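Here the structure is laid out as structure tokens; the discussion comes afterwards.
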Number of protein chains: 2
Amino acid sequence: MTPLFGGIEAGGTKFNCIIASGPDKILAEARFSTTTPAETIGQVIEFLKQNGPIAAVGIACFGPLDLNPASPTFGYITSTPKPGWASTDIRGRIQHELSLPVGIDTDVNAAAVAEGTWGACQGLSNFVYFTIGTGVGGGAVVNGRPLHGLVHPEMGHMGLPHNRELDPFVGSCPFHEDCFEGLAAGPAINKRWGQPAETLPFEHPAWDLEATYIAHAMKSVICTLSPERIVLGGGVMQQPHIFPLIRHKTQAFLNGYVQSPTVLEHIADYIVPPGLGTHSGMLGALALAQQQYR
Amino acid sequence: MTPLFGGIEAGGTKFNCIIASGPDKILAEARFSTTTPAETIGQVIEFLKQNGPIAAVGIACFGPLDLNPASPTFGYITSTPKPGWASTDIRGRIQHELSLPVGIDTDVNAAAVAEGTWGACQGLSNFVYFTIGTGVGGGAVVNGRPLHGLVHPEMGHMGLPHNRELDPFVGSCPFHEDCFEGLAAGPAINKRWGQPAETLPFEHPAWDLEATYIAHAMKSVICTLSPERIVLGGGVMQQPHIFPLIRHKTQAFLNGYVQSPTVLEHIADYIVPPGLGTHSGMLGALALAQQQYR
């Protein structure tokens, strides 16, 4: 019999939890508001206990996280500005209460793993998953494994070319002003144009500018990580008309320099929406649990 | 007895070749101008034949390269603008003539491997090597292996923030104008200030601006690849006074966002010169040969 797993998509606003044996076999679901670590993690543990027995748990977690298994604070949420959540031993508490293997990674790395396991990146060893919504984050699988390195990527905070004559908006990132997130996340769109992204019609110039910044980020990621595919998810990417713009601009910015047919001729299969829709993060947690179990 | 290896550092201006059993045991050296593939590769093969027998060959090669072992053009120099060298089967020709295992990678990936094997990145699994000179290139080791992905990184061509009020220079890259290479390579310095980098005194504002662009690139690489260490080599980096400027600006641009003591407190051990001096590329070729032999 296929064992059951617990999956936790831990976000700054809410925690989504599932009990599942596979991506199409979800037996129970729950959603809890992100209040205090004690309350929210307590609710999660209660849910997992009541709907088990489960074989392992995966946590796709907002960060920054300590993902170094040799560190005394492995599995902690570290320096988040979210009140009460800095230095939270989320992995340790769940492992202690349930006495089960617990896998943890960033929400975006987990989403990348899910897209590689069941979604748009099956069969590939090098790919990137971005979420562009309230914030911007990027996760990567490189040589078949999630990329951690020193800490873990923070792709939303790379610097981008910013033409202040065309776009005088200073940027909305409290750390870097006009980094990728500061120029292109939902709050940046809202502040720049005075209305939320989802209320801006297709023909509004906001979308061309948005595609420009996303394409600059694509170019940087292609020049740096050389992924075999890039998945763009998140709330802002729910506007499907923006994909062709991003692809066209990415090719224009690369200007033929990366001589790969994948980029030059097949870019519609290169920069793609998530194969798992809005479930990449949640199913990423499931994939982490399964990996931890194996 | 330790076997002998052939190492070829194949550059756009010259090919440096060695016969060696280890980084401190170089038995023969030769240098050939990069003229035509037939002539230059012919000279290399002659040198390797006369100074053998050798057990394997490594090529640290200028690019772009096809590094996909499943490709019919694996080991070719692909689309270089260097006259006569596009679509050159450099690996195949050497393997055919010598009937030996031949390893090949980009010059910068090879240099990264050498720094990991004998240099500044020993014991690490995730690190980046940049050369900043006539051009700008970056290679990376991720999860213990050189990063290839779709093609291989082209880190010199990532876009950077470029404040045209402070620096109206349009950039010198024929593909992208003001990418990293177009703003910060030797020819960019020369064109912007009207004199070669090596003739500019320490106190010249060129160096502060140069450090600014390099630090922007460091931030992008840290946000994307999350390396455990970054090595900066190449002709421009022969000015040791620029390292403290780059480190300081990298911290300033990150603005505390990446909460790692390595970045926050020990940046002098994080952004470092090559442990192998100017020999990273050459010894990278040796490391590739040894890997191919094993």
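The values are calculated or read from the model by the stated rules, or taken from the named source; none is laboratory data. Every value quoted in this text rests on a predicted model; they were computed, and no experiment measured them. Please note: Cβ atoms are built from the backbone with ideal geometry, for glycine as well, and neighbour counts cover all protein chains shown. Surface areas here come from the heavy atoms of the whole protein model, side chains and all, with no ligands, DNA or RNA. Shrake-Rupley method; radii C 1.70, N 1.55, O 1.52, S 1.80 Å.
May I ask you to give the average projected area over all directions of the convex hull of the Cα atoms of region A:156-243, in nm² rounded to one decimal? The partial results should precede the final answer.
Numbers: hull surface 22.8 nm².
If I average the Cα hull's projected area over directions, I get 5.7 nm².
Nearest 100 Å² is fine: how much accessible area is buried between B and A, summed over both sides, with a 1.4 Å probe?
Values: alone 13430 and 13430 Å², together 23130 Å².
About 3700 Å² of accessible surface is lost on pairing.
Where nothing but the Cβ of Lys and Arg (+1) and of Asp and Glu (-1) is charged, how large is the charge dipole of the protein assembly as shown around its Cα centre, in debye to the nearest 20?
Working: 32 positive and 48 negative charges, 153 e Å.
That gives the protein assembly as shown a dipole magnitude of about 740 debye.
So, with a 1.4 angstrom probe, what is the percent of accessible area on region A:1-106 that is carbon and sulfur? Please list the in-between numbers first.
Numbers: 2440 of 4730 Å².
Answer for region A:1-106 is 52 percent, counting heavy atoms of protein chains only.
Run down the lysines and flag those whose C-alpha is under 26 Å from the C-alpha of residue A:49, throwing out any fewer than 8 positions away in its chain.
A:14, A:25
Starting from 0 in steps of 10 Å, tell me what percent of the Cα-Cα pairs of region B:102-232 lands in each bin.
Final binned percentages: 13, 41, 31, 14, 1.
Order the following by accessible area, largest value first: B:250, B:117, B:278. Probe radius 1.4 Å; ligands, DNA and RNA are ignored.
On the way: B:250 0, B:117 60, B:278 100 Å².
Descending order: B:278, B:117, B:250.
Can you spot the lysines whose alpha carbon is less than 18 Å from residue A:249's alpha carbon? Ignore those fewer than 8 places along the same chain.
A:219
Using protein chains only and a probe of 1.4 angstrom, how many square angstrom of residue A:192 are accessible, to the nearest 10?
Here the accessible area works out near 40 Å².
Enter the Cα centre distance for the pair region B:202-281 and region A:244-271, rounded to the nearest angstrom.
Their Cα centres are 30 Å away from one another.
For n ≥ 4 DSSP H runs only, could you compute -39500 (n - 2.57) per run for the protein assembly as shown, divide by its residues and tell me the 222 nm figure to the nearest 500? Working shown, then result.
Details: 18 runs with 198 residues, N = 588.
One gets -10000 deg cm²/dmol as the mean residue ellipticity at 222 nm.
Using the Cβ atoms and a cut-off under 14 Å, what net charge is assigned to the surroundings of residue B:261, where Lys and Arg are +1 and Asp and Glu are -1? Walk me through the numbers before you get to the answer.
Working: positive: B:229; negative: A:66, B:228, B:265, B:269.
Around residue B:261, the surrounding residues sum to -3.
Taking 41 Å as R0, compute the FRET efficiency from the Cβ-Cβ separation of residue B:50 and residue B:198 and round it to 0.05. The partial results should precede the final answer.
Working: r = 36 Å, r/R0 = 0.88.
Efficiency at R0 = 41 Å is approximately 0.70.
With a 1.4 Å probe and all protein chains left in place, how much of the accessible area of region A:135-294 comes from carbon and sulfur atoms, in whole percent? Don't skip to the end; give the middle numbers.
Details: 3180 of 6060 Å².
Solvent-exposed carbon and sulfur of region A:135-294 make up 53 percent of the total.
At 1.306 mPa s and 10 °C, plugging the Kirkwood radius over alpha-carbon pairs of region B:215-292 into Stokes-Einstein gives what diffusion coefficient in µm²/s?
On the way: Rh = 13.6 Å.
It comes out at roughly 117 µm²/s.
Compute the distance in nm between two label points, each set 7 Å from the Cα along the Cα-to-Cβ direction, one at residue B:68 and one at residue B:294.
Spacing of the two 7 Å Cα→Cβ label points: 2.8 nm.
Return one whole number: the accessible area per residue of the protein assembly as shown in Å², for a 1.4 Å probe. Could the numbers behind the result be given before it?
Values: 23130 Å² over 588 residues.
With all protein chains present, the protein assembly as shown gives 39 Å² per residue.
If you stretched the chain out fully between residue B:33 and residue B:241, how much longer would it get, using 0.36 nm times the residue separation minus the C-alpha to C-alpha distance?
Numbers: separation 208, 0.36 × 208 = 74.88 nm, distance 3.19 nm.
Full-extension gain reported as 71.7 nm.
Please give the residues from region A:219-237 for which the solvent-accessible area of heavy atoms, probe 1.4 Å, is smaller by at least 50 Å² with all protein chains in place than with the chain isolated.
A:219, A:223, A:224, A:226
Counting only other residues whose beta carbon sits under 13 Å from that of residue B:111, what net charge do I get with K and R as +1, D and E as -1?
Values: positive: none; negative: B:9, B:105, B:107, B:115.
Taking every Cβ under 13 Å from that of residue B:111, the sum is -4.
Given the protein assembly as shown, report the % of alpha carbon pairs whose separation exceeds 42 Å.
Details: 40345 of 172578 pairs.
Of the Cα pairs, 23 percent sit more than 42 Å apart.
Extending each Cα 7 Å along its Cβ direction at residue A:124 and residue B:269, get the distance between those two points in nm, one decimal.
It is 3.7 nm.
Excluding residue A:73 itself, calculate the net charge of residues whose Cβ lies under 12 Å from the Cβ of residue A:73, where each Lys or Arg counts +1 and each Asp or Glu counts -1. Provide the component values of the computation, followed by the final result.
Numbers: positive: A:91; negative: A:66, A:89.
Cβ neighbours under 12 Å give a net charge of -1.
Roughly what % of Cα-Cα distances in chain B sit above 28 Å, to the whole percent?
Working: 16022 of 43071 pairs.
The answer is 37 percent, as a whole percent.
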